[in-house]
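Chemist: Take a look at the following structure, please.
Any read-out appearing in this document is the output of simple, stated calculations on the displayed coordinates, not a laboratory observation. All figures in this text were calculated on a predicted structure; none of them were measured in a lab. Here Cβ is always computed from backbone atoms with ideal geometry, including for glycine, and neighbour counts include all displayed protein chains.
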Protein chains: 2
Amino acid sequence: MELGSSRSDLAERGIAENGGRIVRRPLQEEVAARLRDLITQGTIPAGARINEVVLGAQLGVSRTPLREAVRMLAGEGLVELVPARGAVVRKLSAKDMFDSLVVLKSMEELAGRLACAKASAQGIEEVSALHRAMLEHYVQRERLAYFKLNQAIHSAIVALSDNATLAWTHEVIQARMKHIRFIGNAGSEKWAGAVEEHEEMIRALQARDGNRLAAALGLHLDRTFTRVKALL
Amino acid sequence: MELGSSRSDLAERGIAENGGRIVRRPLQEEVAARLRDLITQGTIPAGARINEVVLGAQLGVSRTPLREAVRMLAGEGLVELVPARGAVVRKLSAKDMFDSLVVLKSMEELAGRLACAKASAQGIEEVSALHRAMLEHYVQRERLAYFKLNQAIHSAIVALSDNATLAWTHEVIQARMKHIRFIGNAGSEKWAGAVEEHEEMIRALQARDGNRLAAALGLHLDRTFTRVKALL
DNA sequence: ATTCGTGATACTGTATGCAGTATGTAAGCG
DNA sequence: CGCTTACATACTGCATACAGTATCACGAAT
């Protein structure tokens, strides 16, 4: 059985195009990306062992690139390596979740201030566009698309801060929590509240009011914790 | 030629003891740890390509565990993977350095506040003990030992915050800058200033004054940037 | 002389094979 | 009937072999 994307071969995975330039993507990186998706979607649940031979067969790759992909995820903290027992998907306790959100909050507050100070008008407009697109998916009740744009907006704001380290760190921590936030988004009726918080974020950003944006982001993440903690 | 530690075999690397319990450490992890050291010490300089066969020979391991170790470091952001050209040690620009210190500052400020609120008296005493030991190495002018304890103190304060995510993030970012701070420590005559800043940090911690500790840490990192930026 | 092309070389990416260890199962013993 | 132990199985850890690609050197042509 093939897992993940349906399109099987080179056109999608091994070779892609980027501005006319052919970029060759090693299998390991493709596998790593696929694994990240499988983990956030819950196809590989938290705590599950990763069986190299069966997963390799499902993905259609040999053990070597799969192992190397797993090592990357281990470096990012998405999986844990247990000696002689392979890798298991990292399981977040409620405290882990809380701790991560505390850090994320601190980082987004920092990012918000920096973004208001440094972002270009075009950059702000792009985030606003993402927001409008997200609203569209919200009214259409398209959960997956909404979720992805939601994450993208947070990443985009962080990107506006023009701080690569901040962006990278934020991305990794966000990735660890993606699964819980993904399922958390599922049945939640607090959806409307989250959207309203996003509205305020965008307004603050457009006003280039760093403190206000930081406050909005902080509040949003506090509320995120209450929205999500029930799932643990 | 053997690189790194002198003691060659099992006693040191493959098998160690931990509270009477034998812990088996995979080669890859040992190699990863060794690589981190080689990078911070500058034995493998920033920007250098990692030749798998020669480095593997030097470390006395085959390419497989070496490659997997490199993948872990890639996940941590210490090396970059270039398709078909292997891995190169990540090179930090002055901006990267600045960005990282901004993030580190924000995180240590957060950690300082949390530590003052949550740390046990014993934990505080342990950090104080580290500080006293560091002072000892300072008066003895033992640079390497001083450097290691310096880093350890920062990590220990972060550890007192009892936030695993914060600790992990801090560790990774600190690891990326270790080399520059290592050489930066070399000839610096601003050494005394750094020590004084540490004194204030410890006093604030012992007083459990979160704002004061955050301020001390922030100032220390600001000064660190001025101490280090000349090296870029 | 310089530039472009061509071939050799060396290194990375991937697959596979082998050895060692953990785990589950079944049989023997209390 | 429960517990221990021994064995079989399956999976990980590591090494090696092979294929594909980038790089460098050398030579030819302009």
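Chemist: Can you compute log10 of I(q)/I(0) for the range B:169-232 with the Debye formula, treating each Cα as one identical point scatterer, at q = 0.12, 0.22, 0.25 Å⁻¹?
Modeler: For the range B:169-232 at q = 0.12, 0.22, 0.25 Å⁻¹, log10 I(q)/I(0) is -0.34, -0.98, -1.11.
Chemist: Which value in deg cm²/dmol, rounded to the nearest 500, describes the helix-derived mean residue ellipticity at 222 nm for chain A, given -39,500 (n - 2.57) per DSSP H run of n ≥ 4 and division by the residue count?
Modeler: Roughly -23500 deg cm²/dmol at 222 nm, from the helical runs in chain A.
Chemist: Residue by residue through the range A:59-66, which ³J(HN,Hα) values in whole Hz follow from phi under the Karplus form 6.51 cos²θ - 1.76 cosθ + 1.60 (θ = phi - 60°), with glycine and proline marked x?
Modeler: These are the phi-based 3J(HN,Hα) values: 7, x, 10, 7, 5, 4, x, 5 Hz.
Chemist: Let me ask another. Angle between the Cα long axis of helix B:143-160 and the longest principal axis of chain B, 0 to 90 degrees, nearest 10?
Modeler: 70
Chemist: Can I ask one more? Given that compact globular proteins tend to follow 2.2 N^0.38 Å, what is the ratio of the alpha-carbon Rg of the range B:94-229 to that value?
Modeler: 0.96
Chemist: Separate question: At what distance in nm do the modelled label points of A:ARG63 and A:ASP222 sit from each other, each positioned 7 Å from its Cα along Cα→Cβ?
Modeler: Those two pseudo-labels are separated by 5.1 nm.
Chemist: Cα extents of the range A:67-155 along the three principal axes, largest first, in whole Å?
Modeler: In descending order, the Cα extents are 52, 33, 28 Å.
Chemist: How far is A:ARG141 from the same spot in each other copy, in nm, shortest first, if each label point sits 7 Å from Cα toward Cβ?
Modeler: Counterpart label points of A:ARG141 in the remaining copies fall at 7.6 nm.
Chemist: For the range A:15-89, report the translational diffusion coefficient in µm²/s to the nearest whole number, using Stokes-Einstein at 20 °C, 1.002 mPa s, and a Kirkwood Rh over Cα pairs.
Modeler: Translational D for this selection: 166 µm²/s.
Chemist: Please report which chain B residue places its beta carbon nearest the axis carrying chain B onto chain A, with the distance rounded to a whole angstrom.
Modeler: B:GLY75, 1
Chemist: For each pair in A:LYS190/A:LYS229; A:LYS148/A:LYS190; A:LYS178/B:LYS95; A:LYS105/B:LYS95, compute the distance between the two Cα atoms and list the pairs where it is over 19 Å.
Modeler: The answer is A:LYS178/B:LYS95; A:LYS105/B:LYS95.
Chemist: Explain nothing, just compute: Karplus ³J(HN,Hα) = 6.51 cos²θ - 1.76 cosθ + 1.60, θ = phi - 60°, for every residue of the range B:34-49 in order, whole Hz, x for Gly and Pro.
Modeler: Values per residue, Gly and Pro as x: 4, 4, 4, 4, 4, 6, 5, 6, x, 4, 9, x, 4, x, 6, 7 Hz.
Chemist: Taking N as the number of residues in the protein assembly as shown, what is its alpha-carbon radius of gyration divided by 2.2 N^0.38 Å?
Modeler: The protein assembly as shown yields a ratio of 1.02.
Chemist: Still on this model: With angles folded into 0 to 90 degrees, how steeply does helix B:121-139 sit against the dominant principal axis of chain B? Use alpha carbons for both and round to 10.
Modeler: Helix B:121-139 sits at roughly 70 degrees to that axis.
Chemist: Averaging over all projection directions, find the projected area of the Cα convex hull of chain B and quote it in nm² with one decimal place.
Modeler: Reported value for the Cα convex hull: 13.7 nm².
Chemist: For the range A:95-144 and the range B:75-94, write down the distance between their C-alpha centroids in whole Å.
Modeler: About 28 Å separates the Cα centre of the range A:95-144 from the one of the range B:75-94.
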